[in-house]
Amino acid sequence: SRIISRYMAWHAQRDDEGAGGTMRLDLTEPQANMLMVIRDNAPVTVKALAESLRVSPASASAMVDRLVEMGALTREQSSIDRRQVVIEPTEQAIQSLEEIEAFILESIAELIERLGQDDARKWSEVYA
């Protein structure tokens with residue numbers, strides 16, 4: 001969504017201003033979405049990941065390769081079936097996702113504040 005792009009721009013601006021902080025991964029929106037799926041289903045195989053994302057195993061594998069190179073994922077033999085390789089997020093990836101999710105929640109809270117009480121109540125009724 002656009003909110004992840006806004007987060008990336010916000011974080012880049014903070015970095016430019018010297019706010020620093022944790023070692024954050026520079027993720028694209030599809031990478032962040034993939035990491036969320038992996039985190040929520042870990043450990044996961046590339047085949048299962050591809051099915052969850054509704055993409056080809058080759059596409060999922062290419063994205064996984066890139067995220068492994070970035071230090072966001074680990075690939076290891078399954079302890080259950082040594083023929084399978086499972087993927088799990090690194091601590092750095094989990095931290096980056098937590099930052100993104102906190103930013104999303106803050107953005108939603110700001111939006112609700114700007115809407116005002118009556119409009120916010122109407123929106124909550126629509127989405128309830």
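Just so you know, all these numbers are worked out from the coordinates, no wet-lab data involved. Keep in mind the model is a prediction, meaning the values are calculated, not measured. Every residue, glycine as well, gets a Cβ built from its backbone with ideal geometry; the counts of neighbours run over all protein chains shown.
Details
- Per-pair calculated FRET efficiency, R0 = 25 Å: E29 and E113 via Cβ, rounded to 0.05: 0.50
- Annotation: amide H of T90 within the under-5 Å range of L73, T74, sequence separation 5 or more or interchain, hydrogens built in the peptide plane.
- Environment charge of I112, counting only residues whose C-beta is closer than 14 Å and scoring Lys/Arg +1, Asp/Glu -1: -3
- Prolate/oblate/rounded label for the range 27-128 (Cα gyration tensor, a/c 1.5): prolate
- A simple spin-label model places pseudo-atoms 7 Å from Cα toward Cβ; at I104 and E125 they are separated by 2.7 nm.
- Gyration tensor verdict on the range 77-127 (Cα atoms; rounded if a/c is under 1.5, prolate if a/b is larger than b/c, oblate otherwise): oblate
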